[in-house]
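What follows is a short report on a single structure.
The values are calculated or read from the model by the stated rules, or taken from the named source; none is laboratory data. Because the structure is predicted, anything quoted here is derived from the model rather than measured. Here the Cβ positions follow ideal geometry from the backbone for every residue, glycine too, while neighbour counts run over all protein chains shown. Just the protein is used for accessible areas: all its heavy atoms, side chains included, with ligands, DNA and RNA removed. Shrake-Rupley method; radii C 1.70, N 1.55, O 1.52, S 1.80 Å.
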Amino acid sequence: MRLLTHNMLSCNIKGVTNGFPLKLEADKWVTKEVDLNADFLRGVFPKIEWPALVAAARALDYGDLPEQADGSMLTSEDFLRRFHHALLELHVEEGALVCPETGRKFPISKGIPNMLLHEDEV
């Protein structure tokens, strides 16, 4: 699971009002090289919840993202490389996503998050 995916997921358990961002508990992750596409990064940047991306990257021991970011930083090649690496090249293979409100853990197995709800959670 890429951190791009993590940034788009939330807990949808019935009654949960604060289901984002999911806390990332990673047991295993890998780096997979992907060609940098600056236009894609500039387009997706406004949709990214920056603090959630920074927290997830740090859960994977990647601390090269700034605490805060704005659109003016998208002209920096160095910033784009760091953003690209965190968003698209870090892949969580095993672990869990944890709902911030209920503590419910959604497992990540072979890079795929299982967000299926139990019958009583729907």
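At an R0 of 35 angstrom, the distance between the Cβ atoms of GLU49 and THR75 translates into a FRET efficiency of 0.95. Within the range 43-122, the trypsin sites (Lys or Arg not before Pro) that combine a DSSP coil assignment with at most 13 other C-beta atoms in a 10 angstrom radius are LYS110. Using a ≥ b ≥ c from the Cα gyration tensor of the range 76-122 (square roots of the eigenvalues), is it rounded, prolate or oblate, where a/c under 1.5 gives rounded and otherwise the larger of a/b and b/c decides, a/b for prolate? Cα axes put the range 76-122 in the prolate bin.
Working from label points 7 Å from Cα in the Cα-to-Cβ sense, the VAL16 to LYS105 distance is 1.5 nm.
Answer rounded, prolate or oblate for the range 14-90, using the Cα gyration tensor with square roots of eigenvalues a ≥ b ≥ c: rounded when a/c is under 1.5, else prolate when a/b is larger than b/c, else oblate. Can you show the working numbers first?
Numbers: a/c = 1.95, a/b = 1.34, b/c = 1.45.
Taking the square roots of the gyration eigenvalues as a ≥ b ≥ c, the range 14-90 is oblate.
In the chain, the calculated helix contribution to ellipticity at 222 nm averages -6500 deg cm²/dmol per residue, counting -39,500 (n - 2.57) for every DSSP H run with n ≥ 4. Within 10 Å of each candidate Cβ there may be at most 16 other Cβ atoms; applying that plus a DSSP loop requirement, which GluC sites (Glu not before Pro) in the range 21-83 survive? Passing both the DSSP loop test and the Cβ count: GLU33, GLU49, GLU67. Computed from Cα atoms, the angle from the helix 50-59 axis to the main principal axis of the chain rounds to 80 degrees.
Partner lysines whose Cα lies under 19 Å from the Cα of LYS23, excluding those fewer than 8 positions away in the same chain, are identified as LYS14, LYS47, LYS105, LYS110.
Return one whole number: the accessible area per residue of the range 62-122 in Å², for a 1.4 Å probe.
On the way: 3310 Å² over 61 residues.
Heavy-atom SASA per residue in the range 62-122 reads 54 Å².
Taken as Cα centroids, the range 60-112 and the range 1-58 sit 5 Å apart, rounded to the nearest whole angstrom. Residues of the range 73-90 with an amide N closer than 19 Å to a point placed 7 Å from the Cα of ARG42 along the Cα-to-Cβ direction: 73-85, 87-88.
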